[in-house]
Every structure is written in structure tokens, then in C-alpha cells.
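**Student:** Handing you a structure now.
The values are calculated or read from the model by the stated rules, or taken from the named source; none is laboratory data. Since this is a predicted model, take the numbers as computed values, not measurements. As a convention, Cβ positions derive from the backbone with ideal geometry for all residues, glycine included, and neighbour counts pool all protein chains shown. All accessible areas refer to the heavy atoms of the entire protein, side chains included, with ligands and DNA or RNA removed. Shrake-Rupley method; radii C 1.70, N 1.55, O 1.52, S 1.80 Å.
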Amino acid sequence: MTAATPAAAAATREAMTKKGLSARARSERKLGWMLCAPAVTVMLIVTAYPIAYAVWLSMQRYDLRFPDDRGFVGFDNYSAVLGNSLWWRDLINTSVIMVVSVAIELVLGFALAFVMHRAIFGRGLVRSAILVPYGIITVVAAFAWRFAFSPTEGFVNGLLNTDQSWFTESWSSYLVIILAEVWKTTPFMSLLLLAGFTLVPDDAVKAARVDGASASYRLRKVIIPLMKPAILVAVLFRTMDAFRIFDSVFVMTRGAQGTENVSILGYKTLVSRLNLGLGSAVSVLIFVCVLIIAFVFVKGFGTNLSQQRGEAP
Amino acid sequence: MAAPGSKVTGKDRVFWGVGIFMVVAYALIPVLWLVSLSLTPADELGGGGFWPDNPTLENYTGSETGVFQDDQFPAALKNSLGIALIATVLAVILATFAAYAIVRLDFPGKNLVMAGALAIAMFPQVSIIGPLFNMWRDLKLFDTWPGLIIPYMTFTLPLAIWTLSAFFREIPWDLDKAARIDGATPFQAFRKVIAPLAAPGMFTSAILVFIFAWNDFLFATSLTSTNRARTVPAAITFFTGSSQFTFPTGQIAAASVVVTIPIIVMVLIFQRRIVSGLTSGAVKG
Amino acid sequence: MAEIVLDKVSKQYGDGFAAVKEADFTIGDGEFFILVGPSGCGKSTLLNMIVGLEDITSGEMRVDGERVNDVDPKDRNMAMVFQSYAIYPHLTVRENMEFPLKLRKVPKDQMRQKVEEAARMLELTEHLDRKPGNLSGGQRQRVAMGRAIVREPAAFLMDEPLSNLDAKLRVQMRTTISKLQQRLGTTTVYVTHDQVEAMTLGDRVAVMRRGEVQQVASPRELYSHPANLFVAGFIGSPAMNLLPGTLDGSTLTLPMVELDLPESVTGRLVEGAGGEVIVGIRPENFEDASLVGDKEAPGATFTAHVDVIEWLGSELFAHFEVEGSAADTLTDLAADLEKVAIGRSGEDRAEVVARLDVTSDACEQADLELWLDARAVHLFDPDTGRTLLASPEGATTPG
């Protein structure tokens, strides 16, 4: 069946614009807009206006504790934030957590994906087990980890025979936070990698085996290169998520012991200190950082992604 | 199946058995830990072992300490359930319409919608907490069910639309055409032919949306202040202990277990759907 | 039953691409009409325009005298059978066939009766309550047809319905479709890229190429009097041989032989025909010189060096080469003719296929005396590709 493909329909539409839309094309347009409208509206209410509003607020001096002392200050809030070492420290914290967790998740995710893909029995069990961390409420998981590592109530100290007070020191707090994050989100990563596995044609691996390649060689030279697009997608999404980490840190340390990160900073400024102006500036900066990450990824590896994705509709 | 082209040996079985055990252990140890905590009586906390010596249900049903006796927790449960269900139903409906339009129809702005949805999925939610807080206060949506339902829908619509598009794309275009030639209006074609075939996709999206809504903490804490709308994740962090000096570990653990059981059950029953929903989009783009 | 008139119907896309250029012909009531042509020739687009799934850019389409350009598919009272069958996977065979009737709110017992009648005609009765997923390709195809039949529409439109079937099944289904159409008498428009299907099923055939209708005629007419080089090369298997030639009066000079054209041919030459021409000779117009019965028939004999012999039991094909090739003139056609009628062979040599009687003792890599029937040659203008011979019945359709 040729014809009536989206591409042809698009071309029809363009032609018609010159002479005036045909009734069919017009009604198709209208229907399309109408069907999308509700979803788009909902998405915009919560994002378009708040973003615009946030940007506007970020350029004001607006502290809810002194509501009368409002005023437009241009980029002052931004220079205040960027000039504040707190911001930079938090940015570094965030980056550290981000890089370390994603790295661990990549390796662990691979292993899990491998098990899900090739297990010779119990696949349903494995899949269910792996999805539990995905489904669990993040704060619930964070509590579990917090209690486990608590010197008084937890079992870890007993297990490792140590007296470590995990949440009073910076490095140990980091460790637990990263462990909790990794535990919770690796499943998602492993699912994306699992999808990537299906991209590797069995024949290619068999051929490599017949050619005499060892398991690790096969992995490095055949499987991983063929999975690259899926790996990139997985890493991109997880990186952006990791940058925005909030729940676990909030529950475990509330940002103390030098584990404060940018999201916590934003929250504190906005909700705890009620400084809408500064807090909005922090928020906007966080958004900009995420955009930069996405940009770097897409530019750096973008050609691969679109190649592999093939035809978009 | 083992590596392609090889036979399954006894050694393989042992290898996989161990592997599977390790995976399951990895996934479930924190959960078991919570269960254990929830069964630990208050005076045993601080013991340092994994399992309590005298397991008890006092954290669940005890008159002073049980979460079900508390006024916060049952209210929070109700809120979570109601809000998550409503958000799920609405999000799936809206996403179905949008995904159908995107895959089947042609109209200007189509790509913008997809790109925009993607952008929203990547958006740092913390960035809009402030303005949303203000907006909701002005619109009297603060501390209400709709006040949470709407942002939940916003952030789950991208994933739902993405998943549903992948499913719709699998349905042959010819079926639409055949239905229209057979005499169906576009809406009839959708209702009688496409929707039944897309049902699995809608179901999968529903599960993914529900998990998000059930899970959310940020909006729940920032946009609520009382039991009226506070959901479980937020409520847990506000638990007070039986006295000013004890931290309500047991109660928090009990609440956590109660709130995790439905998830585990859901995952057990629907694991196949969830995996296919999350991976189909990735593979087919 | 309906008469469908296409009045200079065209379809152009936004980027300027013209899928259909001024299609102008009439499909008679009850006729089995075929649209045939290579991929991309616009036949499917034209079919979609007839059913209403595609808009008509210019021109008018009339069904039984009424203009239908803007009528929605569901109101055109036409049924379509898709190449992919497009049967609803979630409904049983019965429900599939009831679908169009339900939409028209046909009363239950009438519906039941029509469905069972159609099922009987298509031998689907025992499958009525099964789901399509459990059926074979051929059965699914019949369900698609059943769904079209129950509507008793004004016209059946079929888009390459047999393409997805294996060869044997295709032959069977061809007969089924033909008998069905004869029995029901419904106007049928059938699209295919397979010229064998076109020739065996159609009452009349429209040959299309790159959006243009080359010729509309009965299969017999298309075969014996092709309007241009494309139709000549497209219809017939093995394809017609196309060679360069020079016409001087009634003498036709071919690369391998000189031919005296009889009156039956020269009498049909159009005005000004002469000079360089393209000569079309069908394989069956050759014969082993030693086996020619009628020694008086106008023709010429020549010697050819046989390269390859294909023996098929009931016939024999001999492949040989001649000096001189029309390949340069015919490069344009090469893209569209699936069977290479322009026997490319290498610089300035052309491969020719001859059909011989199976009793011939032609051998590979040996010389053979061949006879060429002068009454059967086709002549074409090398520049326009149009035939230089009027058909005996009168004017040929423009091409």
C-alpha cells in the first residue's frame, strides 16, 4: 500500500496550502489539534507558566518573609548565587554523586540486563525482583538505607563489625547516598540496556564465536559497539536524573555533612527560607545545567542516536 | 537461553542459579530489612541485628504506636490511592488521544508536541516548585487533590505518550482505512478497532503512571500542608514518635511496608507488561 | 453496480511530484478493470482516489453520473480489499464480516444470512468463529474478500490482493476471484504489478507508468497492438525483443537480417514512418527454420549462434546475440521494465530470445537457422516510443 502515508499526507497538506486546504486535510488538522489539546494544556499549565514565572521571579528581590520589600533587580540574584561558594560546592557535590552513581549503575545495570536477557530459567522471578526497586517509593527506600546504616538501629555496623557513624561524616554520608541511589535506579538503567541487547543480532555473536572470539572479546568488540545507541540513551537519561537527585538526600541527611546538592539548595531557599527570588534563580540555573548536559550528550553522540533510531514517524 | 549457539550444561544451571539468587537478594534485602524493622518492638531498636528477637505487630495495630491508629497514616493512604488512581486514569486518557493523533494524523506542531513532551520529562521539577507553590496558593489549589493530580499528570504524560505511541505504531495503518471504508467515522474506527488493539499499551502506561504518582515526594511535600491532601511519601517524613525523644523508626518502617506491598503485588503480576512498556519505546524509538 | 468515469483526474503532491497525470477513461458497469504497471507508477494512488482515501487535485470522478470528488470513503458504497488484508485481529471471522453491516445497522437476521452466504461462496463456513490469527494467508485473504462481498457494494476495489500469497495459491485464487466476479457481476477495479494477473483476469486493462496511463484496452489488444514501447515491453513473458532497425519503403533492415514487410503491415504504417525505427519481435515470432510449415509465409531466414537453451518441457527458448543494440535509446525504459526487454549484452550487441517448437534440435554453442515472421513485427518511433502501426480496429489510445 502506498499513498496515505504520513509523508505523503504531509506533502499533500503543503500543496493544499497554496490553493487552500482540502476539506479532508482541514478536518484532519482540526482533529489532530483537538486530540492533542488536553494533554498539551495540562503539560503547559504546570510548565510553561511556572517556568516563565520562575524566570520572572528570579529577577526580583522577593522574600516571603518580607513581602513588601519586592523589587526588580535584574540579574542580581544570579550573580548572588553564582558568586556564592555554596552554589559551587553544591554543584560539585551534585556532579560527584552524578558521575559516580551513573558509572556504577552502568556496570551493574549491564550485569542485571545480562541476567534478564540470558537467564535460562526464572526470568519472571528475576524481572519481578528487579522491578521492585523501581516501584518502591524513593523516600521509603531512603529510610530503609538510613536505618540500615544507623549506628543505633541498623545492622550494617553489626555486620561489618565497626562503629562507624555513617551520617556524621561527609564521605560516609556520600557513600550511603550513592548506594541508595544506585540500588533504586539501576533497574531502570538495566531495562534500557536490556532493550539494547535486543538490538544485537544473535547471528553476529554466533559468527564471532565461530571465529574463535573469547567471551570478553565478543563483549567488547561486538556486543557493546552494537548496543551503543541504547547505552547512550540510558546514560543520558540517568545522568539527567542523577543531577536532579533529591528524595534520598533529603531523607538521609537533609543536605548536612556537606552532602547538600543543587536540588536541596533550591528547595531550602524556596520552601524553607521562603526566598522566592533567590530560590527561583537557583531553579533556573538547575534547568540550565540540565540543558547543558543534554546538549553535550546530543551534540557529542547525537549522530549515533538518530542513525540508530531510524525513521521517525 | 544461554549464549547463542551453546548447549545448557549442569554447570550453567548452577551459574545461573547463583546469579539469580544474587539478583533477587540485591533487590529484596532492603525490603526485608524494612519488614524486619516494622516487626521490631520499640525497646529492641538499637539492637544492631537484622531480625528482631521478639517480633511484634505493635507498629501496625498497637493503640499507641500503630500506624493504623494514627490519624495521619490512614488519611495519607487514602490520599495517595485516590490521587494516584485519578491521575492515572486521566493521564492515560489524555495520552491515548495525543498519541493517536501524533501517530495517525498529520497536523502542524506535531513534532513540537513530541519534542516538548520530551523536554518536560527532562525538566528539573525543583525548578517549578516555587512558582507552582505561588500559583496554587493564588488559585486555591494548594493542599488539594487536584493540586497534586495536575502536576502528576504533567510529568507522566510524556512517558505515557511515548509508550502509547510505540504501541499505536505497531497497529497497521490499513486497519484504520479498512474501517473507514467499511463505513466507520474516524471516532468509530478508533473505538471499535484501534482502542481494543491498543488496550495492552494503555494498561502498561497506566502502570507506569501509577508508579510515578504513588512514588512522588517533592510535590507532595511542597504543595500540601495538612492531611487533606498529603500523600504517604510526604506523610512518612512527618511522622512523630510516641514521645518527643524517640524517633518513630518502627512506625515509619510499618508504614513503608504497607505502602510497598501493593507495589510488589503489582510488579509480580504485571512484570511482563512493565518491562515491555519501558523497553518498547527505547527500541522502536 | 456502477459505472466509474475518470475525467482527466490528476494528483499532485506539495513538492511538485505528480503521482497521477490526467487519467482519463471509463470503467463500465460490471467490468473487471485492471490497473497494472511497475512500482511507483501511480496505480495504487489512483485506486485510493477512486475509493476516496486520497484527494483528487484536479479533474472529476463520477460514479453513475454523479461527481464524487469530495465524498467521504464511507459514503461511496465501495468495498476495498487490501494487500495486507487489513482484517480486524481482535474479531472473529464472522464479526469481521459483520462489521460493515453492523455500522449500517442492518437487522440481525439479514446480517447473519448475508455473512453465511458469503462464507459459503468463499468456503469459509467452518472458520466463521475463529480468529484471524489462527488462519492461513489464503484464508485471511478470503475473509477480506468476504467482508467486501457482504456489503453488496457498487464496486470492488482490490489493491494487489494476491501479492502476499505463494505462487500456487495465487493461481488458485485468481480463478476464485474471476469466478466470483462473474457470478456477482460487480464492477471491479483491480491493481497489480503482475502482468500475468492483468492479462488473465481483466476485461480491460489500463497500463500505467510514472503516473501516466499508457494504454487502455483488452488484454488481447494490448498484446497484439501495444501503443508504445513501454506497453510492448511490459506485457508478455518472456518480454518482447526490441532491436534497432531501418525502414525504407517496405524493406526493414535488422541487425541480423533484411525483411520484406507484407501489405498487412505496411498498410498500417502511420504518416511519415520511415528511417530509424525500433523493431519489436515477440519470442514466438521466431521459429526453427527447419520446422516452418508454411513455406510461403512472408518472412526471412538467418543464421544465429545459440548461446543458451532453456528447455521447459512444453516449449524451448533459445538465446542468441545480434550485432547492434537499441540499448542507448531504451535506457529510459530500462528503469521501468522489470523484465529486461532491452536484452543488454555489451557494447552494441543485443541479446535476443526466440521461442522454438520443442521438437527443434537446436543446441547450445551451435549455429541455428532461424526464421522470422514478417507479419508479426512491431515498429516504434525511437524518439517518442509510440507505435508506428495503427491497429486494425482503428485509432490506438494515446500513450
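**Student:** Heavy-atom accessible surface, probe 1.4 Å, ligands and DNA/RNA ignored: which residues of the range B:163-188 lose at least 50 Å² versus the isolated chain?
**Tutor:** Residues of the range B:163-188 that lose at least 50 Å² of accessible area once the other chains are added: B:ASP174, B:LEU175, B:LYS177, B:ARG180, B:ILE181, B:ASP182.
**Student:** Which log10 I(q)/I(0) values, to two decimals, does chain C give at q = 0.07, 0.09, 0.12, 0.14 Å⁻¹ under the Debye formula with one point per Cα?
**Tutor:** Log10 I(q)/I(0), no solvent term: -0.40, -0.63, -0.97, -1.17.
**Student:** Sticking with this structure for a sec: Contact order normalised by length for the range C:110-183, with contacts defined as Cα pairs under 8 Å and 6 or more residues apart; what percent is it?
**Tutor:** 27 percent
**Student:** In addition: Determine the distance separating the Cα centre of the range C:3-18 from the Cα centre of the range C:34-100; give it in Å without decimals.
**Tutor:** Spelled out, the Cα-based centre of one part sits 15 Å from the other.
**Student:** Taking only protein heavy atoms into account and a 1.4 Å probe, give the accessible area per residue of the range C:1-67 in Å².
**Tutor:** On a per-residue basis, 35 Å².
**Student:** Of B:ARG13, B:ARG137, B:ARG104, which has the largest mean-square fluctuation in a 10 Å C-alpha GNM of chain B?
**Tutor:** It is B:ARG13.
**Student:** At 4 °C and 1.567 mPa s, grab the translational diffusion coefficient of chain A from Stokes-Einstein with a Kirkwood Rh over Cα pairs, rounded to a whole number in µm² per second.
**Tutor:** Rounded, D is 55 µm²/s.
**Student:** Let me ask something else. What number comes out for accessible area per residue over the range B:123-210 if the probe is 1.4 Å? Units Å², please.
**Tutor:** Counting only protein heavy atoms, the per-residue value for the range B:123-210 is 30 Å².
**Student:** When ligands, DNA and RNA are left out and all protein chains stay put, how many square angstrom of accessible area per residue does the range C:215-303 have with a 1.4 Å probe?
**Tutor:** Here the per-residue accessible area is 39 Å².
**Student:** If you don't mind, another one. For helix B:110-121, report the angle its Cα long axis makes with the longest principal axis of the Cα atoms of chain B; keep it between 0 and 90° and round to the nearest 10°.
**Tutor:** Result, in degrees: 10.
**Student:** Any chance you could check the range B:200-232 for residues losing 50 Å² or more of accessible area when the partner protein chains are in, compared with the chain on its own (1.4 Å probe)?
**Tutor:** Checking the loss per residue gives B:ASN215, B:PHE217.
**Student:** Relative to the longest principal Cα axis of chain C, at what angle does helix C:108-121 sit, 0 to 90 degrees, rounded to 10?
**Tutor:** Long axis of C:108-121 versus the principal axis of chain C: about 30 degrees.
**Student:** Once ligands and nucleic acids are excluded and a 1.4 Å probe is used, how much of C:TYR190 is accessible, expressed in Å² to the nearest 10?
**Tutor:** Roughly 0 Å² of C:TYR190 is accessible to a 1.4 Å probe.
**Student:** Which value at 222 nm does the protein assembly as shown reach when only helices count, each DSSP H run of 4 or more adding -39,500 (n - 2.57), with the total divided by all residues and rounded to the nearest 500 deg cm²/dmol?
**Tutor:** Computed ellipticity for the protein assembly as shown at 222 nm equals -17000 deg cm²/dmol.
**Student:** How large is the dipole of the protein assembly as shown about the Cα centre if only Lys and Arg carry +1 and Asp and Glu carry -1, each at its Cβ, rounded to the nearest 20 debye?
**Tutor:** Values: 87 positive and 99 negative charges, 1026 e Å.
I would put it at about 4920 debye.
**Student:** To the nearest 20 debye, what charge dipole does the range C:68-192 have about its Cα centre, counting +1 at the Cβ of each Lys and Arg and -1 at the Cβ of each Asp and Glu? Write out the running numbers ahead of the final one.
**Tutor:** Values: 21 positive and 15 negative charges, 45 e Å.
My answer is approximately 220 debye.
**Student:** Another question about this same structure. What is the dipole size for the range C:197-283, taken about its Cα centre, with +1 at each Lys and Arg Cβ and -1 at each Asp and Glu Cβ, in debye to the nearest 20?
**Tutor:** The dipole magnitude comes to about 360 debye.
**Student:** What does the C-alpha gyration tensor say about the overall shape of the range C:199-340? Classify as rounded when a/c is under 1.5, otherwise prolate if a/b is larger than b/c, or oblate.
**Tutor:** rounded
**Student:** Give the relative contact order (percent, whole number) for chain A; include only Cα pairs under 8 Å separated by 6+ residues.
**Tutor:** Relative contact order comes out at 26 percent.
**Student:** Report the accessible surface area buried between chains C and A, summing both sides, using a 1.4 Å probe on protein heavy atoms only, in Å² rounded to the nearest 100.
**Tutor:** Interface area, both chains combined: 1200 Å², rounded to the nearest 100.
**Student:** Given A:ALA37, A:TRP87, A:VAL73, which one lies farthest toward the positive end of the charge dipole of the range A:27-87, if we put +1 on the Cβ of every Lys and Arg and -1 on the Cβ of every Asp and Glu?
**Tutor:** Towards the positive end, the residue furthest out is A:ALA37.
**Student:** Rank A:GLY300, A:GLY212, A:GLY258 by mean-square fluctuation in a GNM of chain A with C-alpha springs under 10 angstrom and give only the top-ranked residue.
**Tutor:** Highest fluctuation of the listed residues: A:GLY212.
**Student:** For the protein assembly as shown, with the dipole built from +1 on Lys and Arg beta-carbon atoms and -1 on Asp and Glu ones, taken about the Cα centre, which of C:GLY324, A:ALA208, C:SER39 lies farthest toward the positive end?
**Tutor:** Checking the options against the dipole of the protein assembly as shown, the answer is A:ALA208.
**Student:** Considering the dipole of the protein assembly as shown built from charges on the beta carbon (Lys and Arg +1, Asp and Glu -1) around the Cα centre, which of C:GLY267, C:ILE50, C:LEU379 is farthest to its positive end?
**Tutor:** C:ILE50
**Student:** Which of the GluC sites (Glu not before Pro) across the range A:125-211 are loop residues per DSSP, with 14 or fewer other Cβ within 10 Å? Walk me through the numbers before you get to the answer.
**Tutor:** Values: sites: A:GLU153, A:GLU169, A:GLU181; in loops: A:GLU153, A:GLU169.
Loop-located and lightly packed - A:GLU169.
**Student:** Going from the alpha-carbon gyration tensor of chain B, what semi-axes, largest first and in whole Å, does one get by taking the root of 5 times each eigenvalue?
**Tutor:** Each semi-axis is √(5λ); the values are 40, 30, 16 Å.
**Student:** Taking Cα atoms, how many degrees apart are the long axis of helix C:93-103 and the longest axis of chain C, rounded to 10 and kept between 0 and 90?
**Tutor:** So the inclination is approximately 70 degrees.
**Student:** Kindly compute the accessible surface that chains B and A hide from a 1.4 Å probe when together, both sides summed, and give it to the nearest 100 Å².
**Tutor:** For chain B against chain A, roughly 9200 Å² becomes buried.
**Student:** Could you check how much of the accessible area of the protein assembly as shown is carbon and sulfur, as a whole percent, using a 1.4 Å probe?
**Tutor:** Percent of accessible area from carbon and sulfur atoms in the protein assembly as shown: 58.
**Student:** Hey, rough spin-label estimate for A:LEU160 and B:ILE93, points 7 angstrom out along Cα→Cβ, what's it come to in nanometres?
**Tutor:** The two pseudo-label positions are separated by 5.1 nm.
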